[in-house]
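One structure is given below, encoded as structure tokens.
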Amino acid sequence: MTTTKIFVISLEKMQQAFEQMKNEAGWNTESRLYWGFYFLDHNLQKLEQFSLLLKDHRFDVVEIRNTGEGNLYLLHIEEHKIHSAKSLYDKCNILANYAIENDIEVFDGWDVEKEKINKGLVD
């Protein structure tokens, strides 16, 4: 069993990120946005199985691909919804726990887009 590495962000930092999206980027953070989440593992089959679990939890699988660093694979999932700083913080903690429970090597955090531009390899 591996120890999962977790991208950690405090609620305070999450609130600062939301303020920057709103005040600096001019985004309406109270609208539906595309929230992406990332996982890394050297075992492709394990990531594929993990992606099925996440689909069951209503996430869209954008892609699973080789990172170009040997046999390290990236799983990118997303959801299209409204998040507050607190709900995104909670969602990241839930996803980190899923990664730990499923022995995924890395939960690498999140990103956000206003439009769906992250068309990956999986439909």
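The values are calculated or read from the model by the stated rules, or taken from the named source; none is laboratory data. All values reported here derive from a predicted model rather than from experimental measurement. Neighbour counts run over all protein chains shown; Cβ positions are idealised from the backbone, glycine included.
Table for the structure above
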read-out: Matching entry among LYS86, LYS114, LYS91 (being at pLDDT below 95, closer than 23 Å to LYS22 by Cα and not small (Gly, Ala, Ser)); value: LYS114
read-out: Residues of region 54-92 satisfying the condition of being closer than 23 Å to SER10 by Cα and surrounded by fewer than 15 Cβ atoms within 10 Å (Cβ to Cβ); value: HIS80, LYS81, ILE82, SER84, LYS86, SER87, ASP90
read-out: Residue within region 101-110 that is under 15 Å from the mean Cα position of the chain (by Cα) and over 24 Å from LYS5 (Cβ atoms) present; value: no
read-out: Qualifying residue in region 55-70 (condition: in a helix (DSSP H, G or I) and under 23 Å from GLU115 (Cβ atoms)); value: yes
read-out: Total residues in region 5-54, condition part of a helix (DSSP H, G or I) and in contact with a Lys or Arg (Cβ under 9 Å, 6 or more places away or on another chain); value: 3
read-out: Where a residue in region 15-34 is more than 12 Å from LYS114 (Cβ to Cβ) and touching a residue at least 40 places away in the same chain (Cβ under 8 Å) and its partner, wherever it lies, is among the polar types (S, T, N, Q) and surrounded by 11 or more Cβ atoms within 10 Å (Cβ to Cβ), with Cβ under 7 Å and at least six apart; value: PHE18/THR29
